[in-house]
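Comments concern the structure below.
The values are calculated or read from the model by the stated rules, or taken from the named source; none is laboratory data. From a predicted model like this one, the values you see are computed outputs, not experimental measurements. No Cβ is skipped: glycine too gets one built from the backbone with ideal geometry, and neighbour counts run over all protein chains shown.
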Amino acid sequence: MRQISSTIDSKLASSNRLVWALFGVIFLAVYVASLFTPALLDDVDAAHAQVAQHYVDSGDWITGRINYIRYIEKPPLPWWLVASVYLVTGQQNAFTTHLPNALAMLALTWLAWMWGKRAWGPRAGLYAGLGCLTSFGPFLFTRFIIPEAIMSIFLLTALYGMLTALEMNRPARVYWSWSMVALGILIKGMIAPVFFFGAAIPYLLWTGEWGRWRLLRPISGFLLLLAIALPWHVLVGMANPDQGNAVGNHPTIGNVHGFWWFYLVNEHFLRFFGHRYPHDYNKLPFAAYWLLHFVWLFPWSLFLPATLVAGWKTRKSWMEQVRQEADPARFRVRSALLLGLFSAFSLVFFGISTNQEYYTFPVWPPLFMLIAAVVAGIEEQHGRPLLSQAWLSRAQAVFAVLGVLIALALSVCLWESRNLPYVDDIGTLLAHRAVAGYTLSMSHFFDLTGESFASLRLPAGLAAVALLTGPFLGWRLRVNGKHIAASVSVALTAAVFLIAAHIAFARFEPMLSSKQLADVILAKGTPADSFIIIGEQSDASSVIFYTNHFLHKPALLTYPRCGQNGEGSTILWGSCYPDAPDIFLSDEQLVQRWGAGERKWLFTQDEGEKRAEKLLGGRLIKARAIADKVLWTDRPLP
C-alpha cells in the first residue's frame, strides 16, 4: 500500500493522462451509469422534458408548451439542447433527457481542472476537478432537468475569458465572455449578466484594471450579446402578445399580459422580491440556506474552514500582489479574487431573494477551485506555508469519525430491518409530511420511514462499507505524509457513496415517477382514449410525457381554466390565453363524460382519490396503484 501511495503521489497530479483516466472512471461510474434510471420524474423533470418534446414534435422552437399549453416563463436553451439530443438519437427517454446535464458536469470538471492547474499548479487542478465530480450537491441536482450545471459552465467560461484577456492582453478572448453571458441569458434569464457583472465590475475596480475598459470591447461585445440573446426574445414576444381582458376579470392577473411583462416583470423582478404570481416558490430559512452549503460541497467542505482561515491570514499579501504588474503570482491571486467576488455576490444575492436549494449551484465550482488551491498549497508547503498540515489531518480525522458514525447508523438500520420484507414499491412505506408544502426540492427527504429502509439494504450496505473504510484509510495516508493519495481517497469514497445513493434514488422511482402508470395505458389503451388528472398536471407529468406519442392529445385537467386560486401554476399563465386548448373540466363535466364515449383514464394522488370516489363512486375501476398514486378507468380492462 505504501508503494502504491508513493507512486500516486509522484505521478498522478503531474500526468494529464492519469488525471483524466481517474476523471473518466469516476464520470462513467457516477454520472453516465446513473443516466438510465430512474424514469423521468413527475413535476419539473418530465414537465420540462415536455417542452423539448414539443419542440421536436411541432417544429415550433420559439414558444415552449407543456401539455399543449404555452410555457414561456423560462428561456429556451436548456430545452433546445435536450430537443437536439432527441433529434440526433431518435429517442425520448431519461437517458437522452439528462445527457446534457451529465456532459455539463464533464465540461465543468475540465474547466475547473484547467483553471486550477494554470493558477495554482497540477495538484490544485486535480483536486478542483475531483471536487466537481464527487461532491453531493452537483450530483444531487443533476438528477433532473434543471439548467444550473450548464449555466455554471457559461458563467465560469465568461469569467475566465475576461481574466485571461486582461492578463494576456488579448482582446479577442473578451468576445468569449460576451458570448457566454449571452448564452447564459438563454439558459437562465437576466440573472446571467447580473452575476457576471456583479463580480466583474468590483474586480476591475479592485485591481485597477478599470482604466483598460477599451480592451473589454464594451460596444462590439454588447452588440454580440444582443445578436445571440435578443432574437428569441423578440420572436417569442411577437408570438405571445398581450391579450387584453381575454378571460374575464381574473382576481390576480386581470388582463392577460404578454411575454414581456410576464417574463421580465413577473418571472424576474417579482420572483426576486417573493411577489411572483402564482406564489409557488418557497425560501430556505436563513441558517439553513448558509449551513446547507456544507452538505452541497461535502466531502470537500471538510477543508472549507482551512480555506477561509488561509484567505484571512494571507489577505494583506494577496491584496498587495493583486495590483503588482510583474509579480509571477498575480494570475494566482487575481483568480482567487475574481472567484471569491463571484461566489460572495451570488451567495448574498440568493440569500436575499426567494431561493431553492440548488440556486447557488454556479458558486460551487469556484468554491471547489478555491478549496483545491488551499489544500494543494498546504500539502506542497512552498515558501512560507499557508497553514500547518495539521489542518488537513484534522479535516481527514473528522471525515473518518463521520464515516464511522454514519456507517454505524446504517448498520443499526440494516440490523433493525433484517426481518422486514423487501417491497418494490417503496412509496407505499413513506410518510407524507408535506414539509414546506413540497415547494422545496428536498422536501420529500422528510418522508422517509423506518419501514422503507428494508428496500434500501443494498445501497445502505455499500455506503456503510465505503464510509467505514475509505475515510479511515485516507486519514492514515494523511498522517503518513501521502497527501495526494489521502485527498484522492476522499474523492473515491465520495464516488462510491454517490453510486450507492443513486441505487437508493432509483428505488424511489414508484414514488417520484408515474411511468408505470403510463405503461398500463400504453399496454391496454388505444389512441382514442383520454387521460384525466385530478390535481396539478405536474403531479402526472411523466404520464403525459410517456403517452404523448400514443394518445396525441393533451391530458384533461379538473380545475378551472386560468385557475382562480393558483391551480396549475406551471401552465397557469398560458392557460389564460384565448387560444389555449379546452382541456379544463368542471366536476359536472367529469361526471357526465365518465363512462361515455372513448375509454377514460383517471389519475389521482393523495386527497385526489377521495375527490374521485366522491364524484364517481362505484363507477371507478382501479387499473394500477403505485405509492400514493392510482390510475383508474371507467370500464373493465381487456
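In the condition set (1) out of contact with any Ser or Thr (no Cβ under 8 Å at 6 or more places or on another chain); (2) crowded, with 24+ Cβ neighbours inside 10 Å; (3) more than 20 Å from residue 411 (Cβ to Cβ), residue 497 is compliant with all but (3). Cβ separations smaller than 7 Å between residues 6+ apart or across chains give the following pairs from segment 196-211 residues that are more than 14 Å from residue 163 (Cβ to Cβ) to residues that are of a type in the set (Lys, Arg): 208/323. Filtered by the rule that a residue be assigned to a loop (DSSP other than H, G, I, E, B) and surrounded by 18 or more Cβ atoms within 10 Å (Cβ to Cβ), segment 356-386 gives 356, 357, 358, 359, 360, 386. Within segment 581-638, the only residue that satisfies the criterion of being of a type in the set (Val, Ile, Thr) and assigned to a helix (DSSP H, G or I) is 591.
Selection of first residues in segment 21-41 that are closer than 16 Å to residue 512 by Cα and of second residues that are surrounded by fewer than 15 Cβ atoms within 10 Å (Cβ to Cβ), restricted to Cβ pairs under 9 Å at least 6 apart or on distinct chains, gives an empty result. For the structure I just gave you, tell me whether residue 472 is modelled with pLDDT of 85 or more and either acidic (Asp, Glu) or closer than 20 Å to residue 409 by Cα (or both). Here the answer is yes, as residue 472 does meet what is asked. When segment 87-115 is limited to residues that are aromatic (Phe, Trp, Tyr) and surrounded by fewer than 18 Cβ atoms within 10 Å (Cβ to Cβ), the one that is farthest from residue 131 (Cα to Cα) turns out to be 95. Being of a type in the set (D, E, K, R) and modelled with pLDDT under 75 is a description that does not apply to residue 242. Using the structure shown, decide if residue 115 is out of contact with any helix residue (DSSP H, G or I) (no Cβ under 8 Å at 6 or more places or on another chain) and in a helix (DSSP H, G or I). No, not satisfied. Answer with yes or no whether residue 29 is surrounded by fewer than 21 Cβ atoms within 10 Å (Cβ to Cβ), within 30 Å of residue 485 (Cβ to Cβ), hydrophobic (A, V, I, L, M, F, W, C) and at pLDDT below 95. It is false that residue 29 is surrounded by fewer than 21 Cβ atoms within 10 Å (Cβ to Cβ), within 30 Å of residue 485 (Cβ to Cβ), hydrophobic (A, V, I, L, M, F, W, C) and at pLDDT below 95.
Total residues in segment 506-538 satisfying the condition of being in a helix (DSSP H, G or I) and free of Cβ contacts under 8 Å to residues at least 60 places away in the same chain: the figure is 4. Close contacts from segment 364-379, counting a first residue that is free of Cβ contacts under 8 Å to residues at least 40 places away in the same chain and a second that is among the acidic types (Asp, Glu), with Cβ to Cβ under 7 Å and a gap of 6+ residues or different chains, come to none at all.
For (1) farther than 30 Å from residue 493 by Cβ; (2) under 16 Å from the mean Cα position of the chain (by Cα), each residue gets a yes or a no:
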{"site": "59", "(1), (2)": "yes, no"}
{"site": "66", "(1), (2)": "yes, no"}
{"site": "69", "(1), (2)": "yes, no"}
{"site": "77", "(1), (2)": "yes, yes"}
{"site": "84", "(1), (2)": "yes, no"}
{"site": "102", "(1), (2)": "no, yes"}
{"site": "112", "(1), (2)": "no, no"}
{"site": "126", "(1), (2)": "no, no"}
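Within segment 390-413, identify whether any single residue is under 30 Å from residue 209 (Cα atoms), surrounded by 20 or more Cβ atoms within 10 Å (Cβ to Cβ) and touching a residue at least 40 places away in the same chain (Cβ under 8 Å), and answer yes or no. Checking segment 390-413: not a single residue is under 30 Å from residue 209 (Cα atoms), surrounded by 20 or more Cβ atoms within 10 Å (Cβ to Cβ) and touching a residue at least 40 places away in the same chain (Cβ under 8 Å).
Within segment 5-19, is there a residue that is part of a helix (DSSP H, G or I), in contact with a Pro (Cβ under 8 Å, 6 or more places away or on another chain) and modelled with pLDDT under 95? Yes: one or more hits. Residues that are among the basic types (Lys, Arg) and under 24 Å from residue 456 (Cβ atoms) do not occur anywhere in segment 467-479.
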